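Here the structure is laid out as structure tokens; the discussion comes afterwards.
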Amino acid sequence: MNEKRYTVITGATGGIGSELARMLCADGEPIILACRSICKANELHCTLLEQFPEAKIYVEKLDLSSLTSVREFAARVESLDIKIKALVNNAAVIAPCFSTTEDGWEQNVGVNYVGVWELTRLFAPLIDKGGVVVNMVSLTASFSNIDIDFLCHARMGFPIEKFKRLKQYGRSKLALLLSTKEMSVRYSHLRFAAVDPGIVSTSMISMNRWYDTLADIFFRPFLKTPQKGVLPLYRALNDDSYSRAVVYLYKGKCFKRPLPKDIERSPMVAKLWDQTTILLQNSIR
Ligand SMILES: NC(=O)c1ccc[n+]([C@@H]2O[C@H](COP(=O)([O-])OP(=O)(O)OC[C@H]3O[C@@H](n4cnc5c(N)ncnc54)[C@H](OP(=O)(O)O)[C@@H]3O)[C@@H](O)[C@H]2O)c1
């Protein structure tokens, strides 16, 4: 077995993910680029090898909008016979209009919550004791709420005229934040952090609207660069001083906080976990 301990980065082709990949290669850390587009991932791989010829990098296909792809990815990584020290759940979408994943979930919920939940369930036993799972969340989660019908609506569909992209994205991130708490209890051999990078100038903030060009000129220059936006994520990965789940934020500098009390105490933590388990049960290997 290769004794190097790898960090898995989902969405490594994105703004924050590619910056993290570069920083870890600079540190001599081996990585797995888990990407929806193999073509983009191969480009990133080449760029990283040009900069860091000694870097240890695997490129693997992962599409979080497909539970089959999630399971195939986990199985391929397991067969690599390598040690895993961290899983960075960085990939996400803001779906511009209502659409569903291969498995019938509303896209934001399917990719940002259900796919990540399943990936974490499959990876938790593969990660070395003391390893870390980082879930990328968002400020939008704090303006969102979800109730017991959240998953059923995301599964069965809801009136399309009620679809609001940021609202649905925020809900998916709130669901991920709530499950970060439950994951930290269930997978107690690992450390869990939720990271909110603030508003970062990446493709994620494009609204796919006519005013994008104007926003790019007048708004983007004032946003955080991916080089800054990645910092709380990098800190969460490298800080081994926490055992309970924590939140990392970046507001001018990095802050570490316990999970908000309303998340810690929310009855939705357990309900959401149980519901997700039941809804995925039919498709669990
Ligand atoms: N940017 C911000 O202001 C901001 C604020 C708060 C939180 N965040 C969070 O930070 C994380 C990184 O975002 P970013 O700003 O770097 O966005 P980004 O540049 O748009 O990167 C998103 C990444 O996710 C990948 N992805 C999308 N759908 C996927 C799927 N179905 N399966 C696998 N991968 C998929 C994308 O792949 P492709 O390259 O193939 O598209 C891309 O690599 C996200 O979790 C985001 O929610 C960002």
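The values are calculated or read from the model by the stated rules, or taken from the named source; none is laboratory data. As the structure is a prediction and not an experimental result, all values here were calculated from the model. Neighbour counts are summed over all protein chains in view; Cβ atoms, including those assigned to glycine, are modelled from backbone coordinates with ideal geometry.
Here are a few things to note about the model shown:
- Screening the range 75-112 for residues that are touching a Phe, Trp or Tyr at 6+ places or on another chain (Cβ under 6 Å) and more than 8 Å from the ligand (Cβ to nearest atom) and picking the one that is modelled with the lowest pLDDT gives F98.
- Applying the criterion of being touching a helix residue (DSSP H, G or I) at 6+ places or on another chain (Cβ under 6 Å) and in a loop (DSSP other than H, G, I, E, B) to the residues of the range 131-146, the residue that is farthest from the ligand (Cβ to nearest atom) is I146.
- Identification of strands (runs of 3 or more DSSP E) wholly contained in the range 190-273 with 3 or more residues that are in contact (Cβ under 8 Å) with a residue 24 or more places away in the chain and under 16 Å from the mean Cα position of the chain (by Cα) yields 191-196, 246-250.
- When A194, A236 are checked against the criterion of being away from the ligand (no atom under 12 Å from the Cβ), hydrophobic (A, V, I, L, M, F, W, C) and either surrounded by 13 or more Cβ atoms within 10 Å (Cβ to Cβ) or modelled with pLDDT of 80 or more (or both), a single residue qualifies: A236.
- Residues located in the range 147-181, provided they are farther than 30 Å from K85 by Cα, away from the ligand (no atom under 13 Å from the Cβ), of a type outside the set (A, V, I, L, M) and not in a loop (DSSP other than H, G, I, E, B): F150, C152, H153, R155, E161, K162, K167
- Unmet criterion (only one of (1) more than 22 Å from L231 (Cα to Cα); (2) crowded, with 21+ Cβ neighbours inside 10 Å) for I16: (1)
- Among (1) over 15 Å from V134 (Cβ atoms); (2) more than 18 Å from the chain's Cα centre (by Cα); (3) in contact (Cβ under 8 Å) with a residue 40 or more places away in the chain, the one test that T276 misses: (2)
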